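Only the coordinates and a few stated rules stand behind these numbers; no lab work does. All of these numbers come straight from a predicted model, not from anything done at the bench. Note: ideal-geometry Cβ built from the backbone for every residue, glycine included; neighbour counts use all protein chains shown.
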Amino acid sequence: MPAVIQIKDLTKVYRVGEIKVNALAGVSLTIELGEYLAVMGPSGSGKSTLMNLLGCLDRPTSGEYHLDGTNVSQFNRDQFADIRNQKIGFVFQVFNLLPRTSALENVELPLFYDRTHRVRDPRAKAIEALEQVGLRDRMEHEPSQLSGGQQQRVAIARALVNNPAIILADEPTGNLDSATSVEVMAVLQQLNDQGKTIIIVTHERDISQYTRRIVEMRDGRIINDFPVTNRRDIREDLQALSALKSAGDS
């Protein structure tokens, strides 16, 4: 499989006054098309810095980053904005939806920032993305009219609408209860089954067990990189969740 992400000796140094902080210390990583990967580590391990670099939200101090075959390491701000819009879908812990704006309009938003105008019918594309996450019947609802899980699914639809090369999800279940977390992870699982490359940052070990590969970080370095064995079956968990709901309703 071709590599959708390839980073080599990536470093990121921040300066806080006179103090130099090595947030990333020579990270190398290859992620192939269609992978489903979790990045884990304690606070200060470098996982958020790595996510920011992978998402082209920040530029590395040194090293190379090839995204979908393009070396983006030293892109300028405008180039970063274009590559984010064309190649990357973001899902955050806080849903970042515009209030008093329908689900459909929230999902359409990235298409209006695409200077290449690849999509001729933004509304139709946004409806298609909402269908993918099972929310076509909620497309006229505003965020306040949606549950937390539904809001996160709208955010996932927004991440999908530009058909990105990768989806980066930063603590996508961090604000959700355990039952809703399973439902959101089921959506991500379905997208991965369809061939989407998905990378999540999570501190929840049980959530990481839905992925296919785990990268563990500490002190700005990757200390472990291994496939997930005894992977949790999202279908079994959904069935158990459905049984619990049925029992509660009876």
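Things to note:
- When Val107, Val91 are checked against the criterion of being closer than 23 Å to Glu35 by Cβ, touching a helix residue (DSSP H, G or I) at 6+ places or on another chain (Cβ under 6 Å), β-branched (Val, Ile, Thr) and buried (at least 18 other Cβ atoms within 10 Å of the Cβ), a single residue qualifies: Val91.
- As a summary of the residue check, Asp114 satisfies the conditions (1) part of a helix (DSSP H, G or I); (2) of a type in the set (Asp, Glu); (3) over 18 Å from Leu135 (Cβ atoms) except for the one numbered (1).
- Of all residues in region 160-170 being part of a loop (DSSP other than H, G, I, E, B) and touching a strand residue (DSSP E or B) at 6+ places or on another chain (Cβ under 6 Å), the one that is farthest from Ser147 (Cα to Cα): Ala165
- Filtered residues of region 47-86 (kept if among the hydrophobic types (A, V, I, L, M, F, W, C) and not in a strand (DSSP E or B)): Leu50, Met51, Leu53, Leu54, Cys56, Leu57, Val72, Phe75, Phe80, Ala81, Ile83
- Extreme residue, surrounded by the fewest Cβ atoms within 10 Å (Cβ to Cβ), among residues of region 165-180 that are among the aliphatic types (A, V, I, L, M) and farther than 16 Å from Gly89 by Cα: Ala179
- Just one of the listed residues (Glu183, Glu131) is surrounded by fewer than 15 Cβ atoms within 10 Å (Cβ to Cβ), out of contact with any Pro (no Cβ under 9 Å at 6 or more places or on another chain) and among the acidic types (Asp, Glu), namely Glu131.
- Taking region 226-248 as the range and being loosely packed, with under 14 Cβ neighbours inside 10 Å and in contact with a strand residue (DSSP E or B) (Cβ under 7 Å, 6 or more places away or on another chain) as the test, the residues that pass are Phe226, Pro227.
- Only one of Ala3, Ala38 that is within 15 Å of Met217 (Cβ to Cβ) and touching a residue at least 60 places away in the same chain (Cβ under 8 Å): Ala38
Every residue, every condition in (1) out of contact with any Ser or Thr (no Cβ under 7 Å at 6 or more places or on another chain); (2) among the aliphatic types (A, V, I, L, M), yes or no:
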site	(1), (2)
Pro60	no, no
Glu64	no, no
Leu67	yes, yes
Ser73	yes, no
Arg84	yes, no
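- Any hit, region 151-158, residues being surrounded by fewer than 17 Cβ atoms within 10 Å (Cβ to Cβ), out of contact with any Lys or Arg (no Cβ under 7 Å at 6 or more places or on another chain) and assigned to a helix (DSSP H, G or I): no
- Test: Asn106 is of a type outside the set (Ser, Thr, Tyr), free of Cβ contacts under 8 Å to residues at least 60 places away in the same chain and closer than 30 Å to Leu146 by Cα: yes
- Failed condition for Gly55, given (1) farther than 29 Å from Glu142 by Cα; (2) surrounded by 16 or more Cβ atoms within 10 Å (Cβ to Cβ): (1)
- For region 137-148, the set of residues classified as assigned to a helix (DSSP H, G or I) and buried (at least 18 other Cβ atoms within 10 Å of the Cβ) consists of Arg138, Pro143, listed by residue number.
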